[in-house]
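Right, one structure below, let's go through it.
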Amino acid sequence: MARPARTLRLAPSLLSADFAHLAEAVLEAERGGADAFHLDVMDGHFVPNLTFGPALVRSVRAVTKLPLDIHLMIERPTKFAEAFAKAGGDTLVFHVEASDGVEDSVRAIRAAGAAVGAAIRPDTPFDRVASWVGRLDQVLVMSVMPGFSGQAFRPEVLPKVRAARDVVDASGSTADISIDGGITPETAVAAASHGATFFVCGNSVFTGGTVGANLGRLREAIDAGATREVR
Ligand code: DX5
Ligand code: ZN
């Protein structure tokens, strides 16, 4: 029997937008076909960079109804889960490598009323999350080292995307497999063909060309990739 088509979603990463004109960037991406927005929270400890906190999430929440995917690149996700959920985050994605650990992070995010994502860096094996899949709404496979936009995609993570997809499907879960870092129309095809369903795109949406045309090319790429499954 044919497998039902998966829902594929594009989530522009606001880190690559002009922060002085963030509302315009959000609305332009929404008009261009964005399905969600990805917001990168960095604490200067877990990653060597700093970005923003719940106040900015609240401001973005006020200009769009699309889901907000909050990528917590911070050491203590349990401490901030409630604040980001209250600010309007729909999914809170913690890192399994952060100091709070998986069990406490999952519990804190659920208790805050948000959907739960678990992220793994390129050098972290999928085994670190495999047994948690049943309790997750998203597995985020990082395809660059977290910390900065505009890095090159690491193709060596593709087998991990495939492994995550297979475990999620086998468990009957509907969790997204998210891919983040260096996504372009070319790398999006590869990620989709390995089973990714949620595509975070920063520079490829907001740098060069128009946001609408950039999203259009990415959409074609993920649709094409998903029809050519690579095992
Ligand atoms: C990197 C962030 C990414 C980043 C992606 O640490 O997690 O979300 O903004 O940007 P691009 O798509 O330019 O690699
Ligand atoms: Zn991110």
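Couple of notes before you dig in:
- Each Lys or Arg adds one and each Asp or Glu subtracts one; over the other residues with Cβ under 12 Å from the Cβ of ARG61, this totals +2.
- Surface composition of the stretch 9-226: carbon and sulfur atoms hold 53% of the protein heavy-atom accessible area at a 1.4 Å probe.
- Each other residue within a Cβ distance under 12 Å of ALA192 adds +1 if Lys or Arg and -1 if Asp or Glu, for a net charge of +2.
- Here the translational diffusion coefficient of the chain follows from Stokes-Einstein with Rh set to the Kirkwood radius across Cα pairs; for 25 °C and 0.890 mPa s it amounts to 142 µm²/s.
- Residue order by solvent-accessible surface for LEU27, LEU10 is LEU27, LEU10, largest first, with ligands and nucleic acids left out and a 1.4 Å probe.
- Protein heavy-atom accessible surface, 1.4 Å probe, per residue over the stretch 9-226: 39 Å².
The values are calculated or read from the model by the stated rules, or taken from the named source; none is laboratory data. Remember, it's a predicted structure, so these values are computed and weren't measured experimentally. All Cβ positions, glycine included, derive from the backbone under ideal geometry; neighbour counts span all protein chains shown. Accessible surface areas use protein heavy atoms only, side chains included; no ligands, DNA or RNA. Shrake-Rupley method; radii C 1.70, N 1.55, O 1.52, S 1.80 Å.
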